[in-house]
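Only one structure is covered here, and it is reproduced in the block below.
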Amino acid sequence: MLLKSTEKKIDLVFIGMPGSGKGTQAKILADTKNFNHVSTGDLLRKEIGKDSQLGKDVKEVIASGALVSDELVLELLKTNTDYSVFNYIYDGFPRNVTQAKAFSKYHELKPFNVIYFKLDGRKVVERLSNRRMTPDGKYIYNLISSPPKVRGKCDITGVDLIQRSDDREEVVRKRVEIFEIETSPLISFYSESKNFHEIDAELAVNSVTREILKITEMTH
Ligand code: AMP
């Protein structure tokens, strides 16, 4: 949704372990508030869908649980967003301090809040191995906490649900390790700033949404 001239211009950056609920919350806020949701993981999966050489390379990296190159991700982000026109929720970006520094430079004309979804690494495997979604990633279920009404089918569209190949247990463990090594330094990088907020990602989905709204209302 385009920003009205009276609306405050501020973006949200979501940081957290895989499965900490960033995507779920970003989708809720994009549906109910004036935010566009941009997920670098989704942008990369779209590249894979194109079946180009770049797509093949990206597929291999994602399947291993490692991070795709900073240059590629930043380029994809720049070509798919226009922060002067929309308010964004950046989901899964930045993922390391190099990306955070490049983002600050690129994004220097607009303020942003950083929300850290705090979740114990042990919870991640449990959550992700039970995660199922529509092939486009739009509707997300959890077989334990939010199962579909009909087994294996999306409640909204009726399509067959899939499990992301990188949600398999051995890849999830690798993704958690990568988070601890590459992404967790971002927490101290941002934590000095007054725009940094930590949320307990173990809370129920609607409680997390309420917490984020409190932060955005406080700062918007
Ligand atoms: P996500 O959908 O955010 O869980 O991302 C899935 C995978 O895409 C990650 O495990 C990485 O391989 C890749 N990816 C997503 N965002 C980034 C990023 N900002 N930097 C590098 N790789 C990324």
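Coordinate-derived values only; no laboratory data. Since we're looking at a predicted model, the values are computed, not measured. Here the Cβ positions follow ideal geometry from the backbone for every residue, glycine too, while neighbour counts run over all protein chains shown.
With respect to the conditions (1) assigned to a strand (DSSP E or B); (2) closer than 29 Å to Glu169 by Cβ, Val114 falls short on a single one, namely (2). Residue by residue through the range 20-48, note down the ones that are away from the ligand (no atom under 13 Å from the Cβ) and among the hydrophobic types (A, V, I, L, M, F, W, C). The answer is Ile28, Leu29, Ala30, Phe35. Here Asn142 meets the list (1) farther than 19 Å from Ile28 by Cβ; (2) free of Cβ contacts under 8 Å to residues at least 40 places away in the same chain; (3) surrounded by 14 or more Cβ atoms within 10 Å (Cβ to Cβ) almost entirely, failing just condition (1).
Among the residues of the range 1-18, is any in a loop (DSSP other than H, G, I, E, B), in contact (Cβ under 8 Å) with a residue 12 or more places away in the chain and within 12 Å of the ligand (Cβ to nearest atom)? Quick ask: steps written out before the conclusion?
Looking only at the range 1-18, we keep the residues that are in a loop (DSSP other than H, G, I, E, B), and these are 1-10, 17-18.
Next, only the ones that are in contact (Cβ under 8 Å) with a residue 12 or more places away in the chain stay: 1-3, 7-10, 17-18.
Subset that is within 12 Å of the ligand (Cβ to nearest atom): 17-18.
Yes, the range 1-18 has at least one match.
For the range 179-220, the set of residues classified as of a type in the set (Ser, Thr, Tyr), surrounded by fewer than 16 Cβ atoms within 10 Å (Cβ to Cβ) and part of a helix (DSSP H, G or I) consists of Ser188, Ser191, Ser207, Thr219, listed by residue number.
For the range 39-57, taking the residues that are among the hydrophobic types (A, V, I, L, M, F, W, C) and crowded, with 16+ Cβ neighbours inside 10 Å, the one that is nearest to Asn87 (Cα to Cα) is identified as Leu43.
For Glu108, state whether it is in contact with a Gly (Cβ under 9 Å, 6 or more places away or on another chain), farther than 28 Å from Gly49 by Cβ, more than 14 Å from the ligand (Cβ to nearest atom) and acidic (Asp, Glu). Walk me through how you get there before you give the answer.
On the way: in contact with a Gly (Cβ under 9 Å, 6 or more places away or on another chain): no; farther than 28 Å from Gly49 by Cβ: yes; more than 14 Å from the ligand (Cβ to nearest atom): yes; acidic (Asp, Glu): yes.
So Glu108 fails the test.
Among residues of the range 145-170 being loosely packed, with under 14 Cβ neighbours inside 10 Å and charged (D, E, K, R), the one that is farthest from Ala66 (Cα to Cα) is Lys149.
Taking Leu67 as the residue in question, decide whether it is within 11 Å of the ligand (Cβ to nearest atom) and within 17 Å of the chain's Cα centre (by Cα). Step through it out loud before you land on a result.
On the way: within 11 Å of the ligand (Cβ to nearest atom): yes; within 17 Å of the chain's Cα centre (by Cα): yes.
Judged against the criteria, Leu67 is a match.
Does Lys118 satisfy the criteria of being among the charged types (D, E, K, R), in contact (Cβ under 8 Å) with a residue 24 or more places away in the chain and within 13 Å of the ligand (Cβ to nearest atom)? No; evaluated as a whole, the condition is false for this residue.
Can you tell me which residue among Asp82, Asp51, Asp57, Asp136 is in a loop (DSSP other than H, G, I, E, B) and within 14 Å of the ligand (Cβ to nearest atom)? Write out each step before concluding.
Values: Asp82 fails: within 14 Å of the ligand (Cβ to nearest atom); Asp51 fails: within 14 Å of the ligand (Cβ to nearest atom); Asp57 fails: in a loop (DSSP other than H, G, I, E, B).
Step by step, each of Asp82, Asp51, Asp57, Asp136 is checked, and only Asp136 is in a loop (DSSP other than H, G, I, E, B) and within 14 Å of the ligand (Cβ to nearest atom).
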